[in-house]
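To start, the structure itself, in C-alpha cells.
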Amino acid sequence: MKTAMSIQTKLLVKFMKNTYKLIWSDEALNNLRAIIDYLEYRWTNKEIKKFSQLLVHQLYLIEQNPFLYPLSDRSNGLRKSVLSRQTTIYYQIIGNEIHIITLFDNRQNPNKIS
C-alpha cells in the first residue's frame with residue numbers, strides 16, 4: 001500500500017508541476033538594471049538582499065499561479081503584482097509563457113504603461 005501511494009503521489013506531483021515559463025522583455029530587464037543601480041548607490045547590502053529575495057519570491061508566486069494577481073485597469077491583458085510601494089510588476093500570460101513586461105516605478109505617471 002505504501003508503494004502504491006508513493007507512485008500515485010509522484011504522478012500527481014508530476015502533473016501538478018508548473019508548466020509556465022518566465023520571459024523577460026528588454027524593457028523589464030532595463031528597469032531591473034536601473035533599480036539595481038539605484039539600490040547599489042543608495043542602499044546597504046542588507047537592503048539589496050531583502051529586495052532581491054522579495055523579487056524572487058514574487059516571481060515564484062507569479063510563475064506558480066499567474067492568475068493570482070488582478071488584471072490591470074490600465075492596459076488590456078496585463079496583470080499587475082505590487083512588489084513594493086515603489087515597484088509594480090506588469091506581466092502578460094501568453095499560452096504557457098509569462099511575459100514580464102515592465103517593473104514599473106509607481107512614482108511615475110501611470111499613463112506611461114503601454
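The values are calculated or read from the model by the stated rules, or taken from the named source; none is laboratory data. Note that the structure is a prediction, hence the values are computed from the model and not measured. All Cβ positions, even for glycine, are placed from backbone atoms using ideal geometry, and neighbour counts span all protein chains on display.
Structural remarks
- So Ser52, is it modelled with pLDDT of 85 or more, among the hydroxyl-bearing types (Ser, Thr, Tyr) and buried (at least 16 other Cβ atoms within 10 Å of the Cβ): no
- Inspection of region 62-77 finds a residue satisfying the criterion of being out of contact with any Cys (no Cβ under 9 Å at 6 or more places or on another chain), surrounded by 13 or more Cβ atoms within 10 Å (Cβ to Cβ) and in a helix (DSSP H, G or I).
- Region 83-100: number of residues that are closer than 19 Å to Glu27 by Cβ and touching a residue at least 24 places away in the same chain (Cβ under 8 Å): 10
- Glu40 modelled with pLDDT under 95, in contact with a Phe, Trp or Tyr (Cβ under 8 Å, 6 or more places away or on another chain), surrounded by 10 or more Cβ atoms within 10 Å (Cβ to Cβ) and more than 14 Å from Thr87 (Cβ to Cβ): no
- Scanning region 81-98 for residues that are within 9 Å of the chain's Cα centre (by Cα) and either assigned to a strand (DSSP E or B) or surrounded by fewer than 14 Cβ atoms within 10 Å (Cβ to Cβ) (or both) yields Ser81, Ile89, Tyr90, Tyr91, Ile98.
- Of all the criteria given as (1) polar (S, T, N, Q); (2) out of contact with any His (no Cβ under 8 Å at 6 or more places or on another chain); (3) at pLDDT 95 or above, the one not satisfied by Gln92 is (2).
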